[in-house]
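Everything below concerns the one structure shown next.
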Amino acid sequence: MIDFRSDTVTKPTEEMRKAAYLAMVGDDVYGEDPTVNQLEKIAAEILGKEAALFVTSGTQGNQIAVLTHCRPGNEIILEEESHIFYYESGAVSAFAGVQTRTIKGFRGAMSPDLVEGAIRGEDQHYPETGLICLENTHNRAGGAVLPLENMKQIYDIAERHNIPVHMDGARLFNAVAATKRDVKEFTQYCDTVQICLSKGLGAPVGSILAGNKEFIQKARKWRKRLGGGLRQVGMIAAPGLVALTTMRDRLSEDHENAQLLASGLASISGIKVVNEVDTNIVVIDVSELNMNSTTFVEKLKEKEILAGTFGSNLVRFVTHFNVSTENIKRALQIITTL
Ligand SMILES: *Cc1c(COP(=O)(O)O)cnc(C)c1O
């Protein structure tokens, strides 16, 4: 199988498995797991924030951020196809009790004017705007990198209105690799950030939520309330540390492979690549092949290629370190004959 469904399918490397085996551990709810403490310290340094918290998943990190920043009855502003709105099972309403104000973006980026216009003023009829969420890279926009200038403009507006900004940076290091910027250039424009260790970085489990000390202290309590206070969790933080410290630089290989895949797919008649490929995601429209995305994905599966539907006519391919350049070439040969 060549698995393009997601970069979440990556298997831990041998180094990660060894790190898990050898990890020094303690009870992390008592703050006594040295491996988790080290991971949180290094993650905070890399992300340019005072403190960090190891959480079970990207979804949990985002939800803890919303819970910590907001109160029930608040409104949060976010892009209409953002992961927090689109793919987290309605958790912001189920847990944080906030309502969502969605804004249609361009390649995942919301217009600063629209964001400012959506911020609520003082009026007893209105909810209070509790949080603005950004997503970088933007998944449903096909792994698009949110431009730094756009982040800065929104962050300036948020500061002026005294509203915090959370960045869902599940794939932030893909944005870093694609732009060759330092990650801090991105994180300077948000108060809190969530990054996934388990996507392109390849760790088996886990995400990081980072922010100032006071925020992380409150976030730790929300993690506990959600049942995310784990014990000898250095066993899974250790591979996360390997992921964070050794796997960032190779993400550009995934981007090169995505370019190769996109240009190959674009040359197959009936297939249209619909996104500008900034990072490791390629989205195609298959309607001119006279089939819908479900049928296309089933046909691929018969030929031992896995991809994901992304809408009724759209199919998403994600490159990652368990897909080689050879795999891409073979996949393209197969898809040509479908
Ligand atoms: C995958 C993803 C998440 C959630 O991460 P999980 O670990 O799967 O919960 C959040 N945001 C974005 C943009 C993602 O792509």
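Taking the residues in segment 64-100 that are closer than 20 Å to Val29 by Cα and in contact with a strand residue (DSSP E or B) (Cβ under 9 Å, 6 or more places away or on another chain) as candidates, determine which candidate is farthest from the ligand (Cβ to nearest atom).
Thr68
From Gly270, Gly202, Gly227, Gly240, grab the single residue that is surrounded by 24 or more Cβ atoms within 10 Å (Cβ to Cβ) and not in a helix (DSSP H, G or I).
Step by step, each of Gly270, Gly202, Gly227, Gly240 is checked, and only Gly202 is surrounded by 24 or more Cβ atoms within 10 Å (Cβ to Cβ) and not in a helix (DSSP H, G or I).
Scanning segment 50-74 for residues that are in contact with a Cys (Cβ under 9 Å, 6 or more places away or on another chain) and surrounded by 24 or more Cβ atoms within 10 Å (Cβ to Cβ), which turns out nearest to Thr8 (Cα to Cα)?
In this case the residue turns out to be Gly58.
Give the residues of segment 158-175 that are over 10 Å from the mean Cα position of the chain (by Cα) and either buried (at least 24 other Cβ atoms within 10 Å of the Cβ) or of a type in the set (Gly, Ala, Ser) (or both), sorted by residue number.
Scanning segment 158-175 gives Ala158, His166, Ala175.
Yes or no: segment 38-58 includes at least one residue that is within 16 Å of the ligand (Cβ to nearest atom), more than 18 Å from Ala237 (Cβ to Cβ), part of a helix (DSSP H, G or I) and not aliphatic (A, V, I, L, M).
no
Can you work out which of the residues in segment 2-32 that are more than 16 Å from the ligand (Cβ to nearest atom) and touching a strand residue (DSSP E or B) at 6+ places or on another chain (Cβ under 9 Å) is nearest to Pro239 (Cα to Cα)?
Filtering segment 2-32 for residues that are more than 16 Å from the ligand (Cβ to nearest atom) and touching a strand residue (DSSP E or B) at 6+ places or on another chain (Cβ under 9 Å), the one nearest to Pro239 (Cα to Cα) comes out as Asp28.
Taking only pairs six or more apart or across chains, which ones have beta-carbon atoms under 6 Å, a first residue in segment 42-65 that is among the polar types (S, T, N, Q), and a second residue that is in a helix (DSSP H, G or I) and near the ligand (Cβ under 8 Å from one of its atoms)?
Within 6 Å, the pairs are Asn62/Ile84.
Among the numbered criteria (1) within 29 Å of Asn322 (Cα to Cα); (2) assigned by TED's automatic domain parsing to the domain that holds Pro239; (3) in contact with a Phe, Trp or Tyr (Cβ under 8 Å, 6 or more places away or on another chain), which single criterion is violated by Ile64?
All conditions pass for Ile64, except number (1).
Hey, could you check segment 253-274 for residues that are among the β-branched types (Val, Ile, Thr) and out of contact with any Asp or Glu (no Cβ under 7 Å at 6 or more places or on another chain) and say which is nearest to Ile334 (Cα to Cα)?
Top of the filtered list is Ile268.
The values are calculated or read from the model by the stated rules, or taken from the named source; none is laboratory data. No experiment lies behind these values; they were computed from the predicted model shown. With ideal geometry, Cβ positions are generated from the backbone for all residues, glycine too; neighbour counts draw on all protein chains shown.
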